[in-house]
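Participant: For reference, the structure I am asking about is given below.
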Amino acid sequence: MKIDILTLFPEMCECYLNESIIGRARKAGFLDVRCHNIRDYTLDKHRRVDDKAYGGGTGMVMQAQPIYDCVKSVAGSETPRLIYLSPQGKILNQNLVKELAREENLLLLCGHYEGVDERVLEELDFEEISIGDYVVTGGELPALVLTDAVARLLEGVLPNEDAFTEESHFNNLLEHPQYTRPEVWKERKVPEVLISGHHANIEKWKKEQSKKVTNEKRKDLLT
Ligand code: 4FV
């Protein structure tokens with residue numbers, strides 16, 4: 001899979017994408033993520049990417065032409081799934097992440113300021129995805145959240161499939177509680193079953209705990 005991130009702040013994105021699990025997956029060739037600076041597609045000497053909003057209102061709006069030319073150049077002859085990260089979008093959840101992970105090419109557009117000129121979204125038929133019902137200063141964090149969630153489902157990025165098949169939201173359940181050494185910490189013991197070595201009982205405990213935690217914290221997932 002190839003993910004292209006169109007942004008005014010490629011360095012901001014690269015800082016995250018070059019670290020830890022995602023960084024190692026990129027280096028190993030399991031993940032192809034490329035950041036593109038929309039400003040490189042401006043036509044004026046001041047490399048202007050935004051202007052005042054028609055109809056007044058505070059803040060600036062990103063202009064259509066640099067975004068349009070950047071998309072056309074990056075996509076080339078391919079037809080990536082075009083996604084604009086926006087508070088108005090469909091809320092990202094694990095089912096949507098699994099769907100996106102099956103795509104060949106994703107192109108993620110990061111808004112900034114008050115957003116982007118509506119006409120480029122219409123012209124290129126962008127779909128909108130939101131990471132939640134709140135507003136952040138730019139689309140870069142939402143694009144990195146989506147990239148991270150999708151990337152970890154790709155072959156080779158995590159050590160093995162168990163790494164995500166047992167976790168929260170994979171089967172609409174929350175994950176069971178996790179424990180590590182020491183066995184006793186502030187007089188709190190690790191549940192006996194987890195150190196029993198009895199794998200069938202351990203699996204039974206994990207499934208029961210997943211249902212218990214989901215019922216307590218996110219009953220809505222059970223409906
Ligand atoms: C957002 C979200 C988000 C709105 C104005 C960037 C900001 C600025 N994106 N899920 N919530 N975007 O708040 O995706 O352009």
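Participant: Quick one: check the C-alpha center-to-center distance for the stretch 115-171 versus the stretch 65-83, whole angstrom.
Facilitator: Centre-to-centre distance over Cα atoms comes out at 18 Å.
Participant: Only four residue types carry charge here, +1 at the Cβ of Lys and Arg and -1 at the Cβ of Asp and Glu. Report the dipole size of the chain about the Cα centre in Debye, rounded to the nearest 20.
Facilitator: Numbers: 29 positive and 38 negative charges, 164 e Å.
Around 780 debye, computed over the chain.
Participant: A further question follows. Using 0.36 nm per residue, how much length does the chain from N160 to T58 gain when fully extended, once their Cα-Cα distance is taken away?
Facilitator: Contour length minus Cα-Cα distance gives 31.9 nm.
Participant: Another question about this same structure. Fewest Cβ neighbours within 10 Å first, please rank I38, I22, I202, I91 accordingly. List each step's numbers first, then the result.
Facilitator: Values: I38 26, I22 20, I202 16, I91 11.
Going from sparsest to densest Cβ surroundings: I91, I202, I22, I38.
Participant: With loop defined by DSSP as not H, G, I, E or B, and exposure as at most 11 other Cβ atoms within 10 Å, which is the longest segment of the chain clear of exposed chymotrypsin sites (Phe, Trp or Tyr not before Pro)?
Facilitator: Between exposed loop sites, the widest span is 135-223.
Participant: While we're here: Seen from all sides and averaged, what is the projected area of the convex hull of the Cα atoms in the chain, in nm²? Before the final figure, lay out each step's value.
Facilitator: On the way: hull surface 66.1 nm².
So the mean shadow area of the Cα hull is 16.5 nm².
Participant: Build a GNM of the chain with springs between Cα atoms under 10 Å: which of K204, K189, K212 gets the top mean-square fluctuation?
Facilitator: The residue that fluctuates most here is K189.
Participant: Continuing with the same structure: Can you bin the stretch 148-223 into rounded, prolate or oblate? Criterion: square roots of the alpha carbon gyration tensor eigenvalues sorted a ≥ b ≥ c, rounded for a/c under 1.5, prolate for a/b above b/c, oblate for the rest.
Facilitator: oblate
Participant: Still on this model: Gain in length, R188 to E203, computed as 0.36 nm per residue apart minus the alpha-carbon separation, to one decimal in nm?
Facilitator: Details: separation 15, 0.36 × 15 = 5.40 nm, distance 2.18 nm.
The R188-E203 span can extend by a further 3.2 nm.
Participant: What length, rounded to one decimal in nm, is gained on full extension from E11 through to E123, with 0.36 nm per residue of separation minus their alpha-carbon distance?
Facilitator: Gain on stretching E11 to E123: 37.5 nm.
Participant: Arrange the following residues from fewest to most other Cβ atoms within 10 Å of their Cβ: L82, L108.
Facilitator: L82, L108
Participant: Let me ask something else about it. Anyone know which of N201, N93, N18 comes out most mobile in the 10 Å Cα GNM of the chain?
Facilitator: Looking only at N201, N93, N18, the biggest GNM fluctuation is shown by N201.
Participant: I need the trypsin sites (Lys or Arg not before Pro) found in the stretch 22-75, filtered to DSSP loop residues with at most 11 other beta carbons within 10 Å of theirs. Display every interim value, and only then the final one.
Facilitator: Working: sites: R24, R26, K27, R34, R39, K45, R47, R48, K52, K72; in loops: K45, R47, R48.
When the trypsin sites (Lys or Arg not before Pro) of the stretch 22-75 are filtered for loop state and at most 11 Cβ neighbours within 10 Å, K45 remain.
Participant: What number, in percent, do you get for the relative contact order of the chain if the mean sequence gap of Cα pairs under 8 Å and at least 6 apart is divided by its residue count?
Facilitator: 21 percent
Computed from the coordinates by the stated procedures, all read-outs in this text should not be read as laboratory data. Quick caveat, the model's predicted, so the values are computed rather than measured. In this analysis, Cβ positions are derived from the backbone assuming ideal geometry, glycine residues included, and neighbour counts consider all displayed protein chains.
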